[in-house]
């Protein structure tokens, strides 16, 4: 059985970390499978959204500490640095993915698993989800893009507190901090993730990509620059077949092709 399951249905790709006996800790085989799957998802126009989740009541417990201990005698400074950089290409593709990425977090998202969750545009959590930057517990600094993503989600002060304290964050606090967008019962988590993902089959792929690009760039740009990008991207979208058809649907009093799915009963916001 593969350490990472890759399925595509109705335009939605699902990546399921599949080492439940190890709480889906990241093995070398799992990282290699991510490196193979992520570029395929990004480049396939038939795939409109991605869901990342974990098997067996866990999202991802982080790095494989046993594997690290076994590798230590063969690893000098440069080899370890290069090992850390091996994930950069596919992690960058996830963070910059032009398609919506949704993480369905049930159980622990620790260390690198926390980093994987924050590659997503939308994080859905079950009440038993727990987030923890556990690196300080084993004398390490954060990896998997966390020093980039986390301050952008929770702010600089809170990011430093979470990194330096290595404390666990329960689902309700994750919701308050903005780490999670919704908290749902465990059984509703994956259906909600797939419902959100499927909704983008009716969206403009161009507008979706440009919105994601602009929001990411806005944090390191200025007002004039973003006004210029808005004007350029509005013009691009205005010239698309999708926009013309969407306006015609409105004039004909037909429902829009893109509909954000209603939240299920019992959802926390």
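Any residue that is more than 16 Å from the chain's Cα centre (by Cα) and more than 24 Å from residue 152 (Cβ to Cβ) - is there at least one of those in segment 213-221? Please lay out each step first, then the result.
Our first condition is that a residue be more than 16 Å from the chain's Cα centre (by Cα); within segment 213-221, this holds for 214, 217-221.
Right, trim to more than 24 Å from residue 152 (Cβ to Cβ) and you get none.
No, segment 213-221 contains no residue that is more than 16 Å from the chain's Cα centre (by Cα) and more than 24 Å from residue 152 (Cβ to Cβ).
Has segment 228-236 got any residue that is without any contact (Cβ under 8 Å) to a residue 24 or more places away in the chain, touching a helix residue (DSSP H, G or I) at 6+ places or on another chain (Cβ under 7 Å), surrounded by fewer than 17 Cβ atoms within 10 Å (Cβ to Cβ) and in a helix (DSSP H, G or I)?
Looking through segment 228-236, at least one residue is without any contact (Cβ under 8 Å) to a residue 24 or more places away in the chain, touching a helix residue (DSSP H, G or I) at 6+ places or on another chain (Cβ under 7 Å), surrounded by fewer than 17 Cβ atoms within 10 Å (Cβ to Cβ) and in a helix (DSSP H, G or I).
Restricting the first residue to segment 144-165 and requiring it to be at positive phi, which pairs with a second residue that is assigned to a helix (DSSP H, G or I) meet a Cβ separation below 7 Å and a spacing of at least six or different chains?
144/91; 144/112; 144/115; 144/116; 145/91; 145/95; 145/115
Out of all the residues in segment 11-30, which are without any contact (Cβ under 8 Å) to a residue 40 or more places away in the chain and either farther than 18 Å from residue 131 by Cα or in contact with a strand residue (DSSP E or B) (Cβ under 7 Å, 6 or more places away or on another chain) (or both)?
Matches in segment 11-30: 13, 15, 16, 18, 19, 21, 28, 29, 30.
Could you list, in sequence order, the residues of segment 1-31 that are under 18 Å from the mean Cα position of the chain (by Cα) and surrounded by fewer than 15 Cβ atoms within 10 Å (Cβ to Cβ)? I'd like the intermediate steps shown before the answer.
Quick first cut of segment 1-31, residues under 18 Å from the mean Cα position of the chain (by Cα) only: 4-8, 11-18, 24-26, 30-31.
Passing the criteria: 7, 8.
Which condition from (1) without any contact (Cβ under 8 Å) to a residue 60 or more places away in the chain; (2) not in a loop (DSSP other than H, G, I, E, B) is the one that residue 254 breaks?
Here residue 254 clears every test but (2).
Of the conditions (1) in contact with a helix residue (DSSP H, G or I) (Cβ under 9 Å, 6 or more places away or on another chain); (2) farther than 29 Å from residue 59 by Cα, residue 223 fails just one. Which one is it?
(1)
Could you grab me the full set of residues in segment 179-194 that are under 16 Å from the mean Cα position of the chain (by Cα) and assigned to a helix (DSSP H, G or I)?
189, 190, 192, 193, 194
Of the numbered conditions (1) touching a helix residue (DSSP H, G or I) at 6+ places or on another chain (Cβ under 7 Å); (2) surrounded by 22 or more Cβ atoms within 10 Å (Cβ to Cβ), residue 145 fails exactly one; give the number of that condition.
Result: residue 145 passes all but (2).
Any chance segment 200-207 includes a residue that's in a loop (DSSP other than H, G, I, E, B) and at pLDDT 95 or above? Can you show your working first?
Filtering segment 200-207 down to residues in a loop (DSSP other than H, G, I, E, B) leaves 203-204.
Then drop every residue that is not at pLDDT 95 or above, which leaves 203-204.
Yes.
Yes or no, residue by residue, for (1) modelled with pLDDT of 95 or more; (2) within 25 Å of residue 30 (Cα to Cα); (3) surrounded by fewer than 19 Cβ atoms within 10 Å (Cβ to Cβ); (4) touching a helix residue (DSSP H, G or I) at 6+ places or on another chain (Cβ under 9 Å):
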position: 98; (1), (2), (3), (4): yes, yes, yes, yes
position: 109; (1), (2), (3), (4): yes, yes, no, yes
position: 116; (1), (2), (3), (4): yes, yes, no, yes
position: 126; (1), (2), (3), (4): yes, yes, no, yes
position: 129; (1), (2), (3), (4): yes, yes, no, yes
position: 153; (1), (2), (3), (4): yes, no, yes, yes
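Based on this model, can you work out whether residue 37 counts as modelled with pLDDT of 95 or more, touching a strand residue (DSSP E or B) at 6+ places or on another chain (Cβ under 6 Å) and over 18 Å from residue 200 (Cβ atoms)?
Values: modelled with pLDDT of 95 or more: yes; touching a strand residue (DSSP E or B) at 6+ places or on another chain (Cβ under 6 Å): yes; over 18 Å from residue 200 (Cβ atoms): yes.
Yes; evaluated as a whole, the condition is true for this residue.
The values are calculated or read from the model by the stated rules, or taken from the named source; none is laboratory data. These figures come from a predicted structure and were not determined experimentally. Because the Cβ atoms are built from the backbone with ideal geometry, glycine has one as well, and the counts that use them run over all protein chains shown.
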